[in-house]
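The values are calculated or read from the model by the stated rules, or taken from the named source; none is laboratory data. Owing to the predicted nature of the structure, the values given are computational and were not obtained by experimental measurement. Here the Cβ positions follow ideal geometry from the backbone for every residue, glycine too, while neighbour counts run over all protein chains shown.
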Amino acid sequence: MERLSDFIRKIALVEIGAISVVNKKVEEFVRKLEEEGKIAEKEGTKLLADLKKTFENQKKEVEEKIEEIIKKMNLATKDDVKRLEKEIEELKDEICKLKGDK
């Protein structure tokens, strides 16, 4: 099951990567418009700041959606697995003590 959650996270990373590529292309386009004098530098700077804010919001939304999906699937987290592994080791030790092996 952990592999499925990793796969879902990778999908999220692909989506975030795509958003990042679009962000970069738009930034290049805005800079080109500035160079050609089609928009003022101040306007371009504001546009890019707005774009960066939008990008960060989209990234956060994607991450939240992925976490929500994983929660709904009721998958064990890495912390859950580590906690259970620790409990198993403690139980093994307890069994050995009760058997007199230790």
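Taking into account only those residues within region 1-16 that are hydrophobic (A, V, I, L, M, F, W, C) and part of a helix (DSSP H, G or I), which is modelled with the lowest pLDDT?
Checked region 1-16; the qualifying residue modelled with the lowest pLDDT is Leu4.
Filter region 17-76 down to residues that are hydroxyl-bearing (Ser, Thr, Tyr) and within 27 Å of Asp6 (Cα to Cα) and give me whichever is modelled with the highest pLDDT. Break it down stepwise before answering.
Keep residues of region 17-76 that are hydroxyl-bearing (Ser, Thr, Tyr), which gives 20, 45, 54.
Subset that is within 27 Å of Asp6 (Cα to Cα): 20, 54.
Details: Ser20: 82, Thr54: 88.
If we take residues in region 17-76 being hydroxyl-bearing (Ser, Thr, Tyr) and within 27 Å of Asp6 (Cα to Cα), then Thr54 is modelled with the highest pLDDT.
Taking the conditions exactly as written (part of a helix (DSSP H, G or I) and over 30 Å from Arg31 (Cβ atoms)), does Lys59 satisfy them or not?
Against the criterion (part of a helix (DSSP H, G or I) and over 30 Å from Arg31 (Cβ atoms)), Lys59 does not qualify.
Among the listed residues Asn74, Asn57, Asn23, identify the single one that is touching a Phe, Trp or Tyr at 6+ places or on another chain (Cβ under 6 Å) and not charged (D, E, K, R).
Exactly one of Asn74, Asn57, Asn23 is touching a Phe, Trp or Tyr at 6+ places or on another chain (Cβ under 6 Å) and not charged (D, E, K, R), namely Asn23.
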